[in-house]
Each structure stands twice: as C-alpha cells, then as structure tokens.
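S.K.: Can you read through this structure? Questions will come right after.
The values are calculated or read from the model by the stated rules, or taken from the named source; none is laboratory data. Treat the numbers as computed from the prediction; the structure is a model and nothing was measured. Here the Cβ positions follow ideal geometry from the backbone for every residue, glycine too, while neighbour counts run over all protein chains shown. Quick note on the areas: whole protein, heavy atoms, side chains included, nothing else; ligands and nucleic acids left out. Shrake-Rupley method; radii C 1.70, N 1.55, O 1.52, S 1.80 Å.
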Amino acid sequence: MTEKHTRRQVLKQGAVAGSTVGLTSLAGCMSFVGGGGGSVKVGSKQFTEQELLGYMALESLKANTDVDVVNEVGLGGTTTNFRAVKNDEIDLYWEYTGTAWATLPPKHEEVITDSEEIYNEVDEEFNDRHSLDFLQRAPFNNTYVLTANPNWVEETGVQTISDFAEYVNAGNTDFTVVLNAEFEKRSDGWPGVAKHYGFDDVRSEIEVTNVSSGLTYQTVGQGDAQVGVGFNTNPKIIEFDLVVLEDDEKFFPVYNPAPLVNQDALESNPAIKEPLNAIGSKISTDQIRNLNKQVSIGGEDAQKVAREFLKNEGLI
C-alpha cells in the first residue's frame with residue numbers, strides 16, 4: 001500500500017511537469033504535445049452525453065499529444081467501462097462522481113450533495129482501491145431536477161423547490177405533476193423530495209400522472225402537466241423551454257463527470273493529463289444541453305460536434 005501511495009503522489013506532483021516536455025505553441029490553439037508516445041484507448045458509455053465527452057477526450061489527445069489514440073467510444077454501460085479501465089482494456093472514460101460513489105465498488109448509501117466533497121471522496125477512494133485517478137471534473141451536474149412549464153412559473157412565481165413547497169403548503173394543489181413510476185416511489189425520488197422540503201403532508205393532494213421518462217418533458221412543455229421530473233442536462237429542457245426549479249436545499253445527489261484514468265496509463269503517457277484536465281472546466285450546464293440537443297435532436301454526428309466544441313473553446 002505504501003508503494004502505491006508513493007506512486008500516486010509522484011503522479012500528482014510530477015505529471016504536469018512531465019507533460020510539458022517538448023511543449024510547442026501552435027497558432028490559434030493550445031498544445032501539450034510531448035511525453036509517452038504510447039497508445040491510449042478512450043472509452044465511453046452508450047448515450048449521447050457520454051459519447052460527446054468521450055470524443056472530446058479522444059480529439060483533444062489526438063491534437064495535443066503524440067500518443068496513438070484508440071477509439072473505444074460507446075463501449076458499453078457503467079460496469080463495462082469500469083471493468084475495462086481497471087483491467088487495462090481501455091485507459092480512460094468519463095465517469096460521474098455520483099455514479100462512482102453510489103454504484104461502483106465499494107458503493108455507499110450516504111448521499112453527498114456537495115460537488116467538491118464527493119469529488120474528493122471518490123478521487124481518494126478510487127486511487128487507493130482501484131489504482132484509478134479522477135482528473136478535473138466538469139461543473140455541470142447531470143442529476144435529477146424538477147422542471148416546470150414556463151407559463152405556470154410566470155403565474156405562480158415558483159422558481160425553487162422551496163418556493164414549490166411553500167406554494168403547495170398554502171393550499172395550492174390543483175395542478176398536475178408528471179413522473180415515471182419508479183421516481184414516484186423511490187425514497188430518493190418524489191417521496192424524498194416532499195419529506196426533505198416539508199410538503200409531505202399535502203403530497204397526496206397533488207395529482208400525479210405516470211409516463212415514461214422521455215415523455216415527461218413534452219408533457220410539461222405542452223401544458224398537460226405543470227411540473228415534472230427530468231435530468232438536468234437533457235436537451236428537451238431547451239426544446240420545450242422548461243424552467244428547472246432550483247434544488248436550493250440540495251436534496252438530489254451530485255453527478256459531475258470527470259475523466260477516470262488508469263494510473264499505469266498516466267505513468268506511461270504523462271502528457272495526456274493536461275489536455276484532459278483542460279476540457280471539463282469549459283463545459284457548463286447550458287453548453288452540454290445544447291451539445292446534447294445538436295446530436296440527439298438535431299441528428300448531428302457526435303464526434304464532429306465534440307471537435308467543433310473544442311475548436312471553439314481554443315482547446316485544439
């Protein structure tokens with residue numbers, strides 16, 4: 001254990017210095033070329049946002065290092081990618097801090113709603129337990145959200161979940177909330193929100209309609225329901241001009257993505273660290289929603305969209 005800890009300290013202190021060997025300046029873009037020259041396999045999960053993140057990593061490494069970058073984007077689900085990066089079948093993929101905390105070994109039931117705290121926890125744990133490093137996280141949070149019809153928000157003034165609780169506790173329950181059946185029953189879903197925000201006593205008075213997760217946005221957007229559950233980075237929030245009610249008392253867990261990298265890959269190719277770290281800080285919630293929209297609704301190619309984003313941000 002002492003040897004692995006020492007190696008980890010060396011990585012964190014020395015990788016940036018190593019990555020700048022042979023640093024060159026290219027007109028109009030950043031460059032981190034140098035070091036390693038080996039092969040790096042980039043994986044991802046099989047949905048739009050993950051493929052975009054995977055291609056961002058792939059394109060940035062191609063442009064900014066001399067490593068041979070192998071495309072494994074769309075490899076599989078969470079478990080498939082995690083096992084692959086542990087077993088050296090791939091070298092990195094983007095993982096969400098909340099997923100790492102609650103879903104991957106050793107799994108935790110405690111909910112952490114502070115982005116920095118959960119990042120530090122999983123980074124340390126995955127270093128010690130799995131010999132994997134979490135690099136710089138993105139600020140956007142792909143967690144559950146309550147969305148609302150914009151006309152209803154204008155009429156009621158409800159902007160936060162605390163506002164929502166105050167509104168319904170005042171006797172205003174004559175409206176519809178649309179949820180998928182699982183979220184309606186989960187303790188970390190609708191019942192948990194009601195208990196946390198103090199409207200559990202009137203929850204049964206609010207009409208709840210069950211539809212599939214993908215239809216909740218449209219149902220709220222068209223006014224067939226006033227409030228619904230969604231995911232924070234879903235592009236249908238933009239498509240239907242929905243208002244995301246602020247989780248001002250921080251009930252929902254945090255899901256910030258960050259590159260999860262095999263430590264052996266970092267040791268062999270230290271130049272990959274800096275260009276990977278440069279990506280996350282550039283991606284806001286509004287940006288990832290729009291990028292997701294370009295691909296999943298607009299039908300554009302995910303790799304092309306990722307490449308254009310990096311160009312626009314000066315990263316390639």
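S.K.: For VAL33, all conditions in the list (1) at pLDDT 55 or above; (2) in a loop (DSSP other than H, G, I, E, B); (3) open to solvent by 20 Å² or more (accessible area, probe 1.4 Å) hold save one; what is the number of the exception?
M.R.: The single condition VAL33 does not satisfy is (1).
This table checks each residue for (1) among the hydroxyl-bearing types (Ser, Thr, Tyr); (2) farther than 30 Å from VAL295 by Cα.
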{"site": "THR156", "(1), (2)": "yes, yes"}
{"site": "VAL168", "(1), (2)": "no, yes"}
{"site": "ALA194", "(1), (2)": "no, yes"}
{"site": "VAL202", "(1), (2)": "no, yes"}
{"site": "ASP241", "(1), (2)": "no, no"}
{"site": "LEU245", "(1), (2)": "no, no"}
{"site": "ASP248", "(1), (2)": "no, yes"}
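S.K.: Could you grab me the full set of residues in the range 84-98 that are out of contact with any Gly (no Cβ under 9 Å at 6 or more places or on another chain) and open to solvent by 20 Å² or more (accessible area, probe 1.4 Å)?
M.R.: The answer is LYS86, ASN87, ASP88.
Residue by residue, here is whether (1) assigned to a loop (DSSP other than H, G, I, E, B); (2) at pLDDT below 95; (3) touching a Lys or Arg at 6+ places or on another chain (Cβ under 6 Å); (4) under 13 Å from LEU276 (Cα atoms) holds:
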| site | (1), (2), (3), (4) |
| --- | --- |
| GLY18 | no, yes, no, no |
| LYS41 | no, no, no, no |
| GLU49 | no, no, no, no |
| MET56 | no, no, no, yes |
| ALA63 | no, no, no, yes |
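S.K.: When residues of the range 176-216 are filtered for being of a type in the set (S, T, N, Q) and free of Cβ contacts under 8 Å to residues at least 40 places away in the same chain, how many remain?
M.R.: Total satisfying the criteria: 6.
To keep it simple, each residue is scored yes or no on (1) closer than 20 Å to GLY280 by Cβ; (2) touching a residue at least 40 places away in the same chain (Cβ under 8 Å).
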| site | (1), (2) |
| --- | --- |
| VAL40 | yes, yes |
| GLN46 | no, no |
| THR78 | yes, no |
| ALA138 | yes, yes |
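S.K.: Another question, if that's okay. Hey, does the range 132-148 have a residue that's open to solvent by 70 Å² or more (accessible area, probe 1.4 Å) and either under 26 Å from VAL243 (Cβ atoms) or assigned to a helix (DSSP H, G or I) (or both)?
M.R.: Within the range 132-148 (the criterion being open to solvent by 70 Å² or more (accessible area, probe 1.4 Å) and either under 26 Å from VAL243 (Cβ atoms) or assigned to a helix (DSSP H, G or I) (or both)), the answer is yes, since at least one residue qualifies.
S.K.: For the range 113-123, indicate whether the set of residues that are open to solvent by 20 Å² or more (accessible area, probe 1.4 Å), in a loop (DSSP other than H, G, I, E, B) and either in contact with a Leu (Cβ under 6 Å, 6 or more places away or on another chain) or free of Cβ contacts under 8 Å to residues at least 40 places away in the same chain (or both) is non-empty.
M.R.: So far as the range 113-123 goes, no, none of its residues is open to solvent by 20 Å² or more (accessible area, probe 1.4 Å), in a loop (DSSP other than H, G, I, E, B) and either in contact with a Leu (Cβ under 6 Å, 6 or more places away or on another chain) or free of Cβ contacts under 8 Å to residues at least 40 places away in the same chain (or both).
S.K.: I'm checking my understanding of the structure. Among residues of the range 177-207 that are crowded, with 17+ Cβ neighbours inside 10 Å and part of a strand (DSSP E or B), which one is farthest from the chain's Cα centre (by Cα)?
M.R.: Per the criteria, the residue is VAL177.
S.K.: Taking ASN71 as meeting all but one of (1) farther than 30 Å from GLY298 by Cα; (2) open to solvent by 20 Å² or more (accessible area, probe 1.4 Å), write down the number of the exception.
M.R.: (1)
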